[in-house]
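Only one structure is covered here, and it is reproduced in the block below.
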Amino acid sequence: MIRGTARLKFEKGRGLHADFNSDFLRYYLWLYNKSTYNFYAMTTSRFGAHISITLDGIHNFNDSALKKYVGKTIVFYYDPRQIYSGGRRKGFLGFYMPIKSEDIDLIRKELGIPNDLRNSLHISLFNDKSFRALG
């Protein structure tokens with residue numbers, strides 16, 4: 001497992017999330033394009049490199065409950081060989097990398113967010129959402 005760090009931010013409409021360097025995403029998108037000859041158009045997330053901790057519309061919290069975490073640096077771990085696809089039922093194709101983070105687990109426990117499949121921790125690497133909007 002590889003260790004990464006990210007800084008926590010809060011934005012109305014996005015919830016609490018951890019942002020980190022987007023070069024990470026561009027590298028994986030480059031690998032994808034190189035291996036598929038750019039056969040299926042993909043783009044990085046419009047929100048950049050991030051890990052969603054809470055999601056507006058799913059986890060409805062008072063803003064002040066989330067703002068106490070803003071600015072904190074969290075540690076997370078990932079395995080670059082573990083990438084999965086998803087989103088097909090919602091009408092798009094996306095690729096994700098699962099992560100583990102004791103820091104995020106503690107925050108989610110404090111907020112009462114269950115650690116289940118719907119709330120899985122991951123990095124959204126890239127997807128085809130932007131291209132589908134054009135077609």
### Query
With no solvent and one point per C-alpha, what does the Debye sum give as log10 I(q)/I(0) for segment 26-121 at q = 0.15, 0.19, 0.24 Å⁻¹?
-0.75, -1.10, -1.47
### Message
Can you say what percent of the DSSP beta bridges in segment 13-118, counting only those with both residues inside, are antiparallel? Round to 5.
### Response
100
## Note on the structure
Surpassing 30 Å at the alpha-carbon level, of the pairs Lys12/Lys34; Lys12/Lys109; Lys67/Lys100; Lys9/Lys90, are Lys12/Lys34
#### Entry: In degrees, nearest ten, helix 102-111 long axis to first principal axis of the chain (Cα)
60
### Summary
To the nearest 20 debye, segment 8-131 has a Cα-centred charge dipole, built from +1 on Lys and Arg Cβ and -1 on Asp and Glu Cβ, of 300
### Task
Output the relative contact order of segment 23-135, whole-number percent, from Cα pairs under 8 angstrom with separation of 6+ residues.
35
### Query
So how tilted is helix 23-36 from the main axis of the chain? Cα-based, degrees 0 to 90, rounded to 10.
30
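A short reminder: the numbers here are calculations on the coordinates, not readings from a lab. Because the structure is a prediction, the values reported are computed rather than measured. We place every Cβ from the backbone using ideal geometry, glycine too, and count neighbours over all the protein chains shown.
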